[in-house]
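Read-outs throughout are calculated quantities, based only on the coordinates presented, and are distinct from any laboratory measurement. Just so it is clear, the structure is predicted and the values come from calculations on it, not from any experiment. Note: ideal-geometry Cβ built from the backbone for every residue, glycine included; neighbour counts use all protein chains shown.
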C-alpha cells in the first residue's frame, strides 16, 4: 500500500522529530541551572581574591560556587572577574614575541578585512592600543559573534565577564560598541599594570590580573597558555598577510 503524506507512519515520524526538538530545548534551558565543571576551577574576584572551586551554577545575577569542602557560597556575578580551569601543565609558557605589541595605536589593518573593523580602530585609537591585536582577541574569544555566551558567563564579541563589564561601565555587553569599548578600557589598564608585556596582558585578560601577579607571568593553567598561544599565532599570521599584501 502506498502511504500518503498524512499516513500514520509519517505522522509518528513528525511527532518524534518535534518531541526530540522539544527535549533539546528543554535540555538547553536546564543546562544553565546545572553545575558546571569537568575540572576544578579557580574563581578570580574583582578585588583580587582567588578561590578554588569544584563547580558552579549561574542563576540570574549571581554565581553559586561549590567549594572543595562541599560548602557553597553565592556571590553577585559582577564580583567575578574570571573562572579558569584548574589544570596545571608542566610545559614552559609561550615565548614572548618581539613583534607583538599592545600599544601604541597604529593603523595596521591594511588590506585585511576585519569584522567590526571601524569600531575596533576607533576604540584602539582612543585607548592607544594595537587594533590588530584587538581584532585577534575578538576572533579567538567569539569568532566575531556579538551574541556569544560562554558556559562560564562571558558575553559578547570580546567575551566580557560580568565583573569586568561592570568595572568598565558596560551597561549592555551584547552591544558591539559597548563590548569593544569595555574590552579596550580593560586592555589599556592591563597594559599599564604589566608594563606593556603582551603575553602578560593576554594572560591577565583570560585569567585575571591577580593570577598573573601571583605567578609573575603567564600562569601554568592549560586554558590560559593555550589562549595566549592562539592569540599570538593568529596575530603573527595576520602580520605576515599584511606584509605579503604590501
Percentage, to the nearest whole number, of Cα pairs in segment 117-245 over 22 Å apart:
31 percent
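Could you give the C-alpha radius of gyration of segment 69-133 expressed as a fraction of 2.2 N^0.38 Å, taking N as the number of residues it contains?
Relative to the 2.2 N^0.38 Å estimate, segment 69-133 comes out at 1.74.
Cβ neighbours within 10 Å, averaged per peptide: list 161-168, 67-74 in order, most packed at the top.
Highest-to-lowest ranking by the protection proxy: 161-168, 67-74.
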Rounded Å value of the spacing that divides the Cα centres of segment 192-246 and segment 67-87:
24 Å
Unit Cα scatterers, Debye sum, segment 118-158: log10 I(q)/I(0) for q = 0.17, 0.22 Å⁻¹
-0.46, -0.69
Once you compute Rg and the Kirkwood Rh from C-alpha atoms, what is the Rg to Rh ratio for segment 41-85?
0.92
